[in-house]
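Here the structure is laid out as structure tokens; the discussion comes afterwards.
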Amino acid sequence: YYSLIYDKNGKRIYEELDFNFDTQMDDFYFYIADVLDHRTVDTNFDGEVDLWVFLDEGVYVRKIERDLDYDGEIDYVKEYGPPELQNR
């Protein structure tokens, strides 16, 4: 399954897909002005997001957050880039 939502100007704002073909969406993309801002993923297919990937300019990974034990709490954070760009 796959879904894509556009704004009134034809720019992408949201996209989702069923990565493992179990009929449940598990890969979600969020756009700002047609540029990918962040992605969330249900990596273990339990219906709950456990991976967040934040991007700059739609391609450069700025930060990754993970719920490693699947309890709903973020257990791991990795930031990329120079220190002055981190924590924003």
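Is it the case that D46 is part of a loop (DSSP other than H, G, I, E, B), among the charged types (D, E, K, R), in contact (Cβ under 8 Å) with a residue 12 or more places away in the chain and within 25 Å of I5 (Cβ to Cβ)? Break it down into steps so the answer makes sense when it comes.
On the way: part of a loop (DSSP other than H, G, I, E, B): yes; among the charged types (D, E, K, R): yes; in contact (Cβ under 8 Å) with a residue 12 or more places away in the chain: yes; within 25 Å of I5 (Cβ to Cβ): yes.
Judged against the criteria, D46 is a match.
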Quick one: in the stretch 48-69, which of the residues that are out of contact with any strand residue (DSSP E or B) (no Cβ under 7 Å at 6 or more places or on another chain) and at pLDDT 95 or above is farthest from I13 (Cα to Cα)? D69
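I'd like the residue in the stretch 35-59 that is within 28 Å of D69 (Cβ to Cβ) and of a type in the set (D, E) and, out of all such residues, is most open to solvent (accessible area, probe 1.4 Å). Before the answer, list the steps.
Step one: of the stretch 35-59, the residues within 28 Å of D69 (Cβ to Cβ) are 36-55.
Then keep just the ones that are of a type in the set (D, E); that gives 37, 42, 46, 48, 50.
Details: D37: 43, D42: 6, D46: 79, E48: 118, D50: 3 Å².
Filtering first and then ranking leaves E48.
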Hits in the stretch 1-34 (condition: part of a loop (DSSP other than H, G, I, E, B) and either open to solvent by less than 70 Å² (accessible area, probe 1.4 Å) or in contact with a Lys or Arg (Cβ under 8 Å, 6 or more places away or on another chain) (or both)): D7, G10, D18, N20, D22, M25, D26, A33, D34
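The values are calculated or read from the model by the stated rules, or taken from the named source; none is laboratory data. In this text the structure is predicted, and so the values were computed from the model without any measurement. Here Cβ is always computed from backbone atoms with ideal geometry, including for glycine, and neighbour counts include all displayed protein chains. Ligands, DNA and RNA are stripped out before the accessible areas are found, and what is left, the full protein with its side chains, is counted by its heavy atoms. Shrake-Rupley method; radii C 1.70, N 1.55, O 1.52, S 1.80 Å.
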